Amino acid sequence: MFIQAITLFPEMFESITEYGVTGRARKQDIWQFAAINPRQFADNKLGYIDDRPFGGGVGMVMMAEPLFCAIQAAKQQFSGSLKNSRVIYLSPQGQSLSHKKVLELSQLDNLVLLCGRYEGVDERVLQTAVDEEISIGDFVVSGGELPAMMLMDAVLRFVPNVLGEIASAEQDSFADGLLDYPHYTRPAEFQGMAVPDILKSGNHALIAEWRLEQSLRRTLTRRPDLLVSRELLPQETRLLDKIRQESDE
Ligand SMILES: NC(=O)c1ccc(NCc2ccccc2)nc1
């Protein structure tokens with residue numbers, strides 16, 4: 001997968017291209033990255049890429065021309081099949097990013113992420129050169145770069161070989177629509193708190209059931225909304241009934 005970010009701050013992306021599992025995978029050429037700075041497409045000597053908003057109001061707006069040229073430049077770099085590509089604008093006005101959308105994006109050959117700053121970008125860029133607007137949550141941060149990196153990290157976990165066979169994204173909590181179970185490691189006792197005995201039993205069937213019960217219990221108490229739209233397996237229904245009976249007592 002070839003990911004390009006259109007951004008005024010290319011160096012910010014080093015946190016995902018140089019570190020962690022995503023950094024290692026990029027260094028192994030499992031995925032590729034390039035940043036394009038729209039400032040290089042500003043047609044004035046001073047490199048202006050933002051201007052005051054028509055209609056007045058606070059702040060500045062990113063101008064259409066430099067961004068449009070940057071997106072065109074990104075498209076010329078596409079590898080693989082041009083069809084299998086998407087230009088995405090990160091903004092609070094976008095469609096909320098979901099696990100389903102992450103999976104869909106992980107199948108693409110090329111991804112271009114437009115990162116806005118200031119009050120946003122000229123609407124005509126969105127109308128002519130952007131395929132989708134995506135939000136990573138109902139809050140505003142000072143630029144689209146961090147949301148872009150959040151999206152990249154979530155997507156890259158589903159690109160084959162990024163995580164390697166040990167830890168697979170399919171086992172992530174949201175992969176099966178439930179919250180994750182609690183995790184423990186050595187020492188067996190910490191500040192007087194022991195590790196649940198079941199986890200030291202070596203009985204993998206019971207451990208799996210305990211973990212599923214913990215995931216269901218957490219999901220029921222912290223995010224019951226996730227259970228509304230999720231199909232339950234017979235074992236899950238049985239465990240949920242057991243959990244509900246406990247809380248009714
Ligand atoms: N919730 C998000 O995904 C998100 C995306 C970008 C962003 N800040 C940049 C920006 C601000 C206003 C208009 C357009 C872009 N903040 C939050």
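Cβ separations smaller than 6 Å between residues 6+ apart or across chains give the following pairs from the stretch 139-154 residues that are at negative phi and touching a residue at least 24 places away in the same chain (Cβ under 8 Å) to residues that are of a type in the set (Lys, Arg) and part of a loop (DSSP other than H, G, I, E, B): Gly143/Arg117. For Glu246, the test of being among the charged types (D, E, K, R), in a loop (DSSP other than H, G, I, E, B) and loosely packed, with under 10 Cβ neighbours inside 10 Å is failed. Of the residues that make up the stretch 53-61, is at least one more than 15 Å from the ligand (Cβ to nearest atom) and touching a strand residue (DSSP E or B) at 6+ places or on another chain (Cβ under 8 Å)? Within the stretch 53-61 (the criterion being more than 15 Å from the ligand (Cβ to nearest atom) and touching a strand residue (DSSP E or B) at 6+ places or on another chain (Cβ under 8 Å)), the answer is no, since none of the residues qualifies.
Restricting attention to the stretch 96-116, the residues being more than 10 Å from the ligand (Cβ to nearest atom) and surrounded by fewer than 13 Cβ atoms within 10 Å (Cβ to Cβ) number 3. The set of residues in the stretch 221-241 being assigned to a helix (DSSP H, G or I) and over 24 Å from the mean Cα position of the chain (by Cα) consists of Thr221, Pro234, Gln235, Glu236, Thr237, Arg238, Leu239, Leu240, Asp241. Per the conditions (1) under 14 Å from the mean Cα position of the chain (by Cα); (2) surrounded by fewer than 20 Cβ atoms within 10 Å (Cβ to Cβ); (3) more than 7 Å from the ligand (Cβ to nearest atom), the sole criterion not satisfied by Gly137 is (3). Taking the stated definitions as given, is Ala169 touching a helix residue (DSSP H, G or I) at 6+ places or on another chain (Cβ under 9 Å) and away from the ligand (no atom under 16 Å from the Cβ)? It is true that Ala169 is touching a helix residue (DSSP H, G or I) at 6+ places or on another chain (Cβ under 9 Å) and away from the ligand (no atom under 16 Å from the Cβ). Free of Cβ contacts under 8 Å to residues at least 12 places away in the same chain and part of a helix (DSSP H, G or I) - does that describe any residue in the stretch 177-194? No, the stretch 177-194 contains no residue that is free of Cβ contacts under 8 Å to residues at least 12 places away in the same chain and part of a helix (DSSP H, G or I). Pairs meeting the criteria (first residue in the stretch 237-249 and closer than 13 Å to Glu213 by Cα, second residue surrounded by 12 or more Cβ atoms within 10 Å (Cβ to Cβ) and not aliphatic (A, V, I, L, M), beta carbons under 8 Å, at least 6 apart or on different chains) are Leu239/Glu209; Leu239/Glu213; Lys242/Glu213; Ile243/Glu213; Ile243/Arg217. Would you pick out the residues in the stretch 5-28 that are within 15 Å of the chain's Cα centre (by Cα) and crowded, with 18+ Cβ neighbours inside 10 Å? If the condition is that a residue be within 15 Å of the chain's Cα centre (by Cα) and crowded, with 18+ Cβ neighbours inside 10 Å, then Ala5, Phe13, Ile16, Thr17, Thr22 are the ones that fit.
Bear in mind that the values in this text are calculations on the coordinates, not laboratory data. Computed from a predicted model, the values in this text were never measured in an experiment. Every residue, glycine among them, receives a Cβ derived from its backbone with ideal geometry; neighbour counts consider all protein chains shown.
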